[in-house]
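The values are calculated or read from the model by the stated rules, or taken from the named source; none is laboratory data. Note that the structure is predicted; figures quoted are calculated from it, not measured. Neighbour counts run over all protein chains shown; Cβ positions are idealised from the backbone, glycine included.
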Amino acid sequence: MATQSTSKLKADRERKLRSVITFASSLEQRIRVDPADAILLSDIQDHLKPLPLEPSAEIAPKRDQLERQGTTLWNLSTRLHRQASLDNGHSNSKLVCILRAFACMILESARPQRTTPALAGTIKLQKVALKAARSCIDQTQLELGIKVLERAAIHVEELEKLSQNEGFLDDDERVCIRLRVEYFMLRTLLHWKQQRLDLANHFFNQSGVAEYTLDGETAEMFADILLEIGQDQFRSKAFDAAVQWLERAHDLIDRQDRDDLSPDAADLHMCISSYFSMFRHFNTANNCFDNF
């Protein structure tokens, strides 16, 4: 019986692997023919369900093929995203986010089995996972965003262990800090979109964003997330919560060296300040703005 059970599991793993490889091989051509095909989106979502594939002896000889397929599909999603941006349209936005998640999970499936993960490979996978998760969250594909962020959570732990056990060069340390903060900020964004402000606050506090020196581009991206949450709370007339999130956005931008910020940062700062002006005018902030 044990032998039969083992054989059945092996056959099931082989079947899943063949299904993923066959589908991934056909996907690029299908997208080129008709990227707006609704059945295409459904098919990608169906093939996402069993991913990532569990590490197994069956995957090992197919790892390079999975890596190539994942990379090809990721690059295709990038081209589709750029094309949509140039066309000022959003027709492919849902396809881009689902395709990014699929490519991410194929790359996760292709990951070599090691007792200690390689730093460069872990950083690469984390960058892919975070970008895919952001696409999913922006398109309100929240369940898919959670699925991708579950992989990102694993990489956060792996990078922390590598840092503790082996230490990093300064450049690697900065990259890993940024990726860690970005993970927690995306969890913050996701839980706000789920209308779970309690969890959003929890993950923001876990981010340590106030403790680290970030590059200007990253700081602006995070401040924009905090502003978006603050604006939403303001529209909902949850003024105390709005103040809290807007202060966080203001403090993050205010800590940056002006030379490191883009011209857009001035507009971001002005937008945040305009909310404080409105609070002062309507006297709803209970003297919270003495420092602004």
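In table form, for the structure just shown:
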quantity: Matching residues, segment 17-33, being without any contact (Cβ under 8 Å) to a residue 24 or more places away in the chain and closer than 15 Å to N75 by Cα; calculated: Q29, R32
quantity: Count - residues of segment 128-185 that are over 11 Å from the mean Cα position of the chain (by Cα) and of a type in the set (S, T, Y); calculated: 2
quantity: Among (1) free of Cβ contacts under 8 Å to residues at least 12 places away in the same chain; (2) touching a Ser or Thr at 6+ places or on another chain (Cβ under 7 Å) - the single one V181 does not satisfy; calculated: (1)
quantity: Residue satisfying condition, being assigned to a helix (DSSP H, G or I), of a type outside the set (G, A, S) and surrounded by 15 or more Cβ atoms within 10 Å (Cβ to Cβ), within set D267, D232; calculated: D232
quantity: Residue within segment 54-69 that is assigned by TED's automatic domain parsing to the domain that holds F23 and under 19 Å from G145 (Cα atoms) present; calculated: no
quantity: Scan of segment 239-282 for residues that are among the hydroxyl-bearing types (S, T, Y) and within 27 Å of the chain's Cα centre (by Cα), ordered by number; calculated: S262
quantity: Filter result (assigned to a helix (DSSP H, G or I) and free of Cβ contacts under 8 Å to residues at least 24 places away in the same chain) within segment 93-138; calculated: A120, G121, K124
quantity: Members of segment 70-89 found to be hydrophobic (A, V, I, L, M, F, W, C) and farther than 22 Å from L144 by Cβ, listed by number; calculated: L86
quantity: Evaluation of D198 against (1) on the phi < 0 side of the Ramachandran plot; (2) in the same structural domain as L144 (by TED's automatic domain parsing); (3) under 19 Å from the mean Cα position of the chain (by Cα) (one fails), failing number; calculated: (3)
quantity: Close pairs (9 angstrom Cβ cut-off, 6 or more residues apart or separate chains): aliphatic (A, V, I, L, M) and at pLDDT 95 or above in segment 193-209, surrounded by fewer than 17 Cβ atoms within 10 Å (Cβ to Cβ) and part of a loop (DSSP other than H, G, I, E, B) anywhere; calculated: L197/A238; A200/Q194
quantity: Among (1) farther than 25 Å from S163 by Cβ; (2) polar (S, T, N, Q); (3) at pLDDT below 90 - the single one Q244 does not satisfy; calculated: (3)
